[in-house]
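Nothing in this text is a laboratory measurement; each read-out follows from the coordinates by a stated rule. Since this is a predicted model, take the numbers as computed values, not measurements. Cβ sites come from the backbone with ideal geometry, for glycine too, and all protein chains shown count toward neighbours.
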Amino acid sequence: MFSQLAESDFASTFRLLTVFAYGTYADYLAEARNLPPLTEAQKNKLRHLSVVTLAAKVKCIPYAVLLEALALRNVRQLEDLVIEAVYADVLRGSLDQRNQRLEVDYSIGRDIQRQDLSAIARTLQECSYSHLAHHSGTSLSSHVLPECPAGSWQYCRRCVGCEVVLSGIEEQVSRANQHKEQQLGLKQHIESEVANLKKTIKVTTAAAAAATSQDPEQHLTELREPAPGSNQRQPSKKASKGKGLRGSAKIWSKSN
């Protein structure tokens, strides 16, 4: 069915579909003349997938690499695009503006091409063999050969590899569950501490307000009554000013 689409009148649309499945934004730009045009939303979607492809190879991606791969003009556009991808749960990470790089903690997976299956299987086999040798301390043949019928060594080796991979997955799941339980307990403890702290703050605030409160009538009386000694100072100033004026008047009359 797919081979028929590649040879039909919808060949360009089929090629665009494969670019979204396996390719990058740079691949689209290289064949843009032969492919249907994209809207801005579609371009950003393909840019998000291009960041995922880069994140599968390296977890710290410099801004310069991203700007070139995504065909963006400035850092502001790049950071907005990455933030949009984070909110879309395409990837998780942080923007290191000081070192001008994107640090990726997690990213979604992309579709696998048929020619990549052999490399993936080989990598899984190598990981499973090394894991078994590390935990058993012996060679793989000592575990497999006695149970394998003649001529089925390759088949038995694959079975052992699958079992080792499954056991490793189960171990990781168990660790993840333990970590989850620990985090839930820590969250409950923090929430309890916060609730106790809020209660303590309320009690302390109420006690302080009760200790500093006064009778309203007494407070008004204190505001109305002037401070001691203030009434005695003002008449003395007025009297001194009056004496000065009278003295000057007498001197002026004598001179006349």
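If we count every other residue with Cβ under 14 angstrom of residue 100's Cβ, Lys/Arg +1 and Asp/Glu -1, where does the sum land? If you can, show how the numbers build up before the last one.
Values: positive: 76, 98, 101; negative: 68, 79, 96, 103.
Summing Lys and Arg as +1 and Asp and Glu as -1 gives -1.
Apply 1/(1 + (r/R0)^6) to the Cβ-Cβ distance of residue 57 and residue 191, taking R0 = 30 Å, and write down the FRET efficiency to the nearest 0.05. Write out the running numbers ahead of the final one.
Details: r = 41 Å, r/R0 = 1.36.
Efficiency for this residue pair is about 0.15.
Here the mean projected area of the convex hull built on the C-alpha positions of segment 21-76 is 4.2 nm². For the pair residue 42 and residue 123 in one chain, pulling the backbone fully straight at 0.36 nm per residue adds 25.8 nm over the alpha carbon distance. 3J(HN,Hα) couplings calculated from phi for segment 61-75 with the Karplus curve 6.51 cos²θ - 1.76 cosθ + 1.60 (θ = phi - 60°) are, in sequence order, 9, x, 4, 4, 5, 5, 4, 6, 5, 9, 6, 9, 8, 8, 5 Hz; Gly and Pro show x. What you get for segment 22-97, charging only the Cβ of Lys and Arg (+1) and of Asp and Glu (-1), is a dipole of about 100 debye around the Cα centre.
Take the alpha carbon gyration tensor of segment 1-129, find the square roots of its eigenvalues, order them as a ≥ b ≥ c, and report rounded if a/c is under 1.5; if not, report prolate when a/b exceeds b/c, else oblate. It comes out oblate by the Cα gyration axes.
Structure note, pairs 59/187; 59/180; 45/187: Cα-Cα distances above 32 angstrom occur for 45/187.
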